[in-house]
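Report on the structure given below.
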Amino acid sequence: MSRTLLEDDASAALDALAELPGWLTVVMAPGRVAEALRGVVPEFSGPRLALVGAEVDRLRAKDDGWHVHCRVGLVEDGRPRDVVLVGRLLPPGSPPPPAAATVPFGDPGWRGFLPHLGLHLEVEKADAALPALPGLVDADTAAAVLQQSLRDAGHDVEVAGCVPHVVRYKPGSRCTIVYRMHYRRGEGPDPLVVKTHQGDKGSTAWEAMRALWGRPVARDGVVTLAEPLAYLPAERVLVQGPVPEERTLKELARQALTDAATGGATDSVDDLREALAGTARALAALHRSGAEYGGAETWDEELAEVREVLGRLAVWMPYVGPAADPLLHRLETLDASVPADPLVSAHHDFRPAQVLLHGGRIGFIDFDGACRAEPALDLGRFRANLRDIGISAFTAADHPLAGDPLDRHLRLLDELCDDFLAAYERHAPVTAGRVLLWETTDLLTALLHAWTKVRTARVGQRLAVLRFVLDRLPASAPQPAAGGA
């Protein structure tokens, strides 16, 4: 395929996004935080307190700086102890941080600065953004909440107790807890799932789940949805029933694409194709459900979010913004040339991890971003994430990001994505050019988030996928497909 000057510019400009700066990557290097702590914490030189290890498990670029979350393992007077430190990474040239606090390491109020890494750290306080969390992880308190929620939803049961298990926790943002239930009377759902969010995502999910639960899509057998049981607005707590799960579609995709990358059995790839076809049919059913919920999401808003991320990074690395400009120009041209399809009941965060597989059935979870949107949003985001899973599996098999093996693997991902889209089109209309628009945008977003989250290993992977899809963008914007709605 011939390449225009603009296409060459778009690909070449992305070179600036190929490598994170050293002042970011050094913080994530194994052992560096532990080494730095030993140099500034005097207690580690004595017999009472020993540092076992310390690693940054989260580093994020936000509006007001680089936020860090670090787990520290200690042995204090012969007993193991964990401490969580939070704080900021100060880029080169930043003003000096506040003076260190004169309290023992690990105690509330401790703070310190690791000058060689630019880390200003302090002991984590209680999670004020999730005020309901302490009660939700207490079995007795949670049992009372679940009892009332079940009764409000019409389940005539009596809860004897529950066992909470935190399955996902992002401090200051959200927590998901799964409860194994014990009933004294009646047969209620087991397990139950409770989510608490910062902000209004819980109420968004509650609105969408209730709307979907009242439509035939919740009972026609094409897709399994969780029963919405209760939403506690003051506590921002959502209670829902289970969705049966043997594994997620992400787990199946990772296995199948690892097998493909290593020359293993092809049965798993066949299983993946079958699951993708079922997922496409289920997504079409969701889109055609007629459920009314959420606000409208548009590609213009998505583009604005991409530019916001670029602007956030450009505060510290001015070259990042221009690196994406040629690609964004091409995407804007495509958007202007291919009108959006009518809005449908959309998932918004639709990825293989949100698809549960069980006995040949398909289930969908995580509706906290649910909205009205053109169907290409869900389709494009899903395809982009499937490619991301695939390239991760490829590099995990010790393949370099170059050469014929990479090209064959990327073409396999292309084929799977096209099969998924074709399966969807057998059940509902969509304009292919819009899917390509959303998919490419999401691939760029994923690359940028490898920067904002300092995922060093993912930068090269995501850049390789984005360039592959960029090569397949038409030289001139395509016209809407005849079957597009």
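Values for this structure:
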| read-out | value |
| --- | --- |
| Largest-first ellipsoid semi-axes for the chain, taking √(5λ) over the Cα gyration tensor eigenvalues, angstrom | 38, 34, 21 |
| Size of charge dipole - the range 1-93 - debye, nearest 20, with Cβ of Lys, Arg +1 and Asp, Glu -1, no other charges | 500 |
| Nearest-0.05 FRET efficiency for residue 396 and residue 16, computed from C-beta distance (R0 22 Å) | 0.25 |
| More than 18 angstrom apart: percent of Cα pairs within the range 361-485 | 56 |
| Rounded, prolate or oblate (a/c below 1.5 giving rounded, otherwise prolate when a/b exceeds b/c) for the range 102-149 by Cα gyration tensor | prolate |
| By average C-beta atoms within 10 angstrom, highest first, the peptides 86-99, 251-264 | 251-264, 86-99 |
| Those residues of the range 79-108 whose amide nitrogen sits under 11 Å from the label point placed on residue 314, 7 Å along Cα→Cβ | none |
| Hull-based mean projected area of the range 80-223, where the convex hull spans the alpha carbons, in square nanometres | 13.5 |
| Cα gyration tensor shape for the range 249-320, rounded if a/c is under 1.5, else prolate or oblate | oblate |
| Given charges at Cβ of Lys, Arg, Asp, Glu: the chain dipole, positive-most of 432, 363, 119 | 119 |
| Charge dipole magnitude, Cβ of K and R +1, D and E -1 - the chain, Cα centre, debye nearest 20 | 760 |
| Size of electric dipole in the range 190-263: Cβ of Lys, Arg +1 and of Asp, Glu -1, about Cα centre, debye, nearest 20 | 180 |
| Viscosity 0.890 mPa s, temperature 25 °C, Stokes-Einstein D of the range 170-282 from Kirkwood C-alpha radius, µm²/s | 147 |
| Summed residue charge, Cβ within 15 Å of residue 271's Cβ, Lys/Arg positive, Asp/Glu negative | -2 |
| Given charges at Cβ of Lys, Arg, Asp, Glu: the range 186-263 dipole, positive-most of 262, 189, 211 | 211 |
| Inter-label distance, nm, simple model (7 Å from Cα along the C-beta direction), residue 274/residue 452 | 3.9 |
| Counted charge near residue 160, where neighbours are those whose Cβ lies closer than 9 Å (Asp, Glu -1; Lys, Arg +1) | +1 |
| Rounded accessible area per residue of the chain, 1.4 Å, Å² | 44 |
| Around residue 461: net Lys/Arg minus Asp/Glu count, Cβ-Cβ under 10 Å | +3 |
| Global form of the range 156-209, assessed from the alpha-carbon gyration tensor, a/c cut-off 1.5 | oblate |
| Accessible surface of the chain [probe 1.4 Å, protein heavy atoms]: carbon and sulfur percent | 52 |
| Distance in nm between pseudo-label sites at residue 407 and residue 35 (7 Å out along the Cβ direction from Cα) | 4.1 |
| Average Cα contact separation per residue, the chain, under 8 Å, 6 or more apart, as relative contact order % | 15 |
| Nitroxide proxy distance, nm - points 7 Å out along Cα→Cβ at residue 160 and residue 99 | 6.1 |
| Spin-label zone in the range 424-445 - amide nitrogen under 11 Å from a point set 7 Å from the Cα of residue 305 along the C-beta vector | 442, 445 |
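The values are calculated or read from the model by the stated rules, or taken from the named source; none is laboratory data. Predicted, not measured: the structure shown is a model, and the values here were computed from it. For neighbour counting, all protein chains shown are included, and Cβ atoms are generated from backbone atoms with ideal geometry for every residue, glycine included. With ligands, DNA and RNA removed, areas are computed over all heavy atoms of the protein, side chains included. Shrake-Rupley method; radii C 1.70, N 1.55, O 1.52, S 1.80 Å.
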